[in-house]
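Here the structure is laid out as structure tokens; the discussion comes afterwards.
The values are calculated or read from the model by the stated rules, or taken from the named source; none is laboratory data. Values in this document were obtained by computation on a predicted structure and should not be read as measured data. Backbone-built Cβ (ideal geometry, glycine too); neighbour counts: all protein chains shown.
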């Protein structure tokens, strides 16, 4: 796809989401398979500021793998970072260091041209309003329970960890968002129960009628029904042990423009009214677990309760 086709979503990202200023620096970090999106973002950024760079490197081996040191240095030295990459930089020390240095960061892990066009064709002010409406219902709850007709029944205890908003509006120094954006999430201190993924999950993509079942005890996944997902987690566990099985995240999608799942975790986890639950790394989202994986599973048609009271979820 040509850069000109990607110009409108690139403008949304650079102008509305990041609010890049003429006196600011911008680093666009991409890889060999996402070059067109990276170049579209760079083209728009370079029209706003003379201090823009495009940094490209070979795709990482897995989500959460650290980028090469020169890439990390470029991220930490910029005011604004946009990272359309094959493998996620969201849960990396490089991204954390950039935020700590004051950079405003948006990661676009696994982004495709189609997802870029669809997911950035949204009113991010409305998405922010939905996030804040959900936060008012969830903030301060001791327990959050999620159920579905397919067998999900799991209870989370956020404890002292705060809910975070991924609104796509990244205007403050040190701010962080995925793009496409649209979710409210927490890294819980504890969780117990069963969750059944019926939407999208890597390495499968959209499940199309299949379901994957996970059992959770005391904040760790103790059983995974799917052989491929289990193999990925076991491989990570060879490096970090039980941290790979950490119940890392509970999230709720708020992107009103995403009406149907397309098989991209990046986009599908933002679909309004869905829930996603992740295992593995959570150090970048309010937790304290470091792991080389962060596997989100999207759950459709959930019911959510905060301290026993039904939560009104957004609908597209």
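Observations
- Residue count for the stretch 35-66, restricted to those that are modelled with pLDDT of 95 or more and buried (at least 21 other Cβ atoms within 10 Å of the Cβ): 9
- For the stretch 180-206, filtered to residues that are on the phi > 0 side of the Ramachandran plot and assigned to a strand (DSSP E or B), the residue that is surrounded by the most Cβ atoms within 10 Å (Cβ to Cβ) is 193.
Residue-by-condition table, conditions (1) assigned by TED's automatic domain parsing to the domain that holds residue 219; (2) farther than 20 Å from residue 106 by Cα; (3) at pLDDT 95 or above; (4) not in a helix (DSSP H, G or I):
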residue: 241; (1), (2), (3), (4): yes, yes, yes, no
residue: 244; (1), (2), (3), (4): yes, yes, yes, no
residue: 259; (1), (2), (3), (4): yes, yes, no, yes
residue: 262; (1), (2), (3), (4): yes, yes, no, yes
residue: 278; (1), (2), (3), (4): yes, no, yes, yes
residue: 298; (1), (2), (3), (4): yes, yes, yes, yes
residue: 301; (1), (2), (3), (4): yes, yes, yes, yes
residue: 315; (1), (2), (3), (4): no, yes, no, yes
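- No other residue among 287, 273 is in a loop (DSSP other than H, G, I, E, B), assigned by TED's automatic domain parsing to the domain that holds residue 140 and under 26 Å from residue 99 (Cβ atoms) apart from 287.
- Residues that are within 30 Å of residue 160 (Cα to Cα) and not in a strand (DSSP E or B) within the stretch 207-221 comprise 218, 219, listed in sequence order.
- The stretch 123-134 residues that are at pLDDT 90 or above, paired with ones that are surrounded by fewer than 16 Cβ atoms within 10 Å (Cβ to Cβ) and not in a helix (DSSP H, G or I) (beta carbon under 9 Å, 6 or more apart): 133/312; 134/312
- For residue 177: the one exception among (1) part of a strand (DSSP E or B); (2) more than 30 Å from residue 14 (Cβ to Cβ); (3) out of contact with any helix residue (DSSP H, G or I) (no Cβ under 6 Å at 6 or more places or on another chain): (2)
- Among the residues of the stretch 49-56, not a single one is closer than 30 Å to residue 272 by Cβ and either assigned to a loop (DSSP other than H, G, I, E, B) or not assigned by TED's automatic domain parsing to the domain that holds residue 290 (or both).
- Considering each residue of the stretch 92-108 in turn, at least one proves to be part of a strand (DSSP E or B) and more than 13 Å from the chain's Cα centre (by Cα).
- Enumeration of residues in the stretch 11-35 that are part of a helix (DSSP H, G or I) and either touching a strand residue (DSSP E or B) at 6+ places or on another chain (Cβ under 9 Å) or assigned by TED's automatic domain parsing to the domain that holds residue 177 (or both): 13, 14, 17, 35
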